[in-house]
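Structure record follows, encoded as structure tokens.
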Amino acid sequence: MNSKLKSFEPRKSQASEIDLVLHNLMNIQGVSAAAIVDNDGLVTHIHRKSEINTDAIGASVQVVFGAASRAAQHVGHHLTNMVICENAEGYILSTPIEAGFMLALVTEREALLGRVRFELKETIPVLKKLFANYLLQ
């Protein structure tokens, strides 16, 4: 029987690799959640230390990143690489990955922002490669 359906195994493997990357980000001191958000603001993957409203984080990451990108364009900065939202309880960092997907990290107030930012920047090329392969499947 010749089926045009592709095996789920490659996608399952890549999804596991994405989950492993998020798990590793959770080991950074002060990180309380790591999520992948799609273009529609839906969380596709998440690791968290406590309960968090995934619908709210997904939608707000897309809205805030979009607003920051438009603001940057108004002042002549054409490409937004990362948005850092400082709050009373901590930070939310978001950065684009590939094809409308974003990586978002939620931190506690005592997180070392420089270290979190560094690890986020180091992780993006890994996720870009995974997502490029994931989207081709």
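The values are calculated or read from the model by the stated rules, or taken from the named source; none is laboratory data. If you're wondering where the values come from, they're calculated on a predicted model, not measured in any experiment. Heads up, the Cβs are rebuilt from the backbone with ideal geometry, glycines too, and the neighbour counts pull from every protein chain shown. Heads up: the accessible areas ignore ligands, DNA and RNA and are worked out on the full protein's heavy atoms, side chains in. Shrake-Rupley method; radii C 1.70, N 1.55, O 1.52, S 1.80 Å.
Counting only alpha carbon atoms, the long axis of helix 9-25 and the longest principal axis of the chain meet at about 20°.
Rounded, prolate or oblate: which one fits region 88-129, using the alpha carbon gyration tensor with axes a ≥ b ≥ c (rounded when a/c is under 1.5, else prolate when a/b beats b/c, else oblate)? Oblate is the answer for region 88-129, as a/c is 1.5 or above yet b/c matches or exceeds a/b.
Per residue of the chain, the DSSP helices (runs of n ≥ 4 H) give a summed -39500 (n - 2.57) that works out to -15500 deg cm²/dmol at 222 nm.
In region 22-137, what percent of the accessible surface is made up of carbon and sulfur (1.4 Å probe, ligands and nucleic acids excluded)? With neighbouring chains kept in place, the figure for region 22-137 is 53 percent.
Solvent-accessible area per residue for region 91-133 at a 1.4 Å probe radius, Å²?
Here the per-residue accessible area is 48 Å².
Give the residue from THR44, SER69, GLY58 lying farthest towards the positive end of the charge dipole for region 33-137; charges sit on Cβ (+1 for Lys and Arg, -1 for Asp and Glu) and the dipole is referred to the Cα centre. Highest projection toward the positive end goes to SER69.
In the list (1) 142; (2) 125; (3) 113, the label attached to volume of the Cα convex hull per residue in Å³ as derived from the coordinates here is (2). The simple spin-label model puts a point 7 Å past each Cα toward its Cβ; for GLU17 and GLN73 those points are separated by 3.2 nm. Taking each residue as 0.36 nm, the span from ARG115 to ASN39 lengthens on full extension beyond its C-alpha to C-alpha distance by 24.7 nm.
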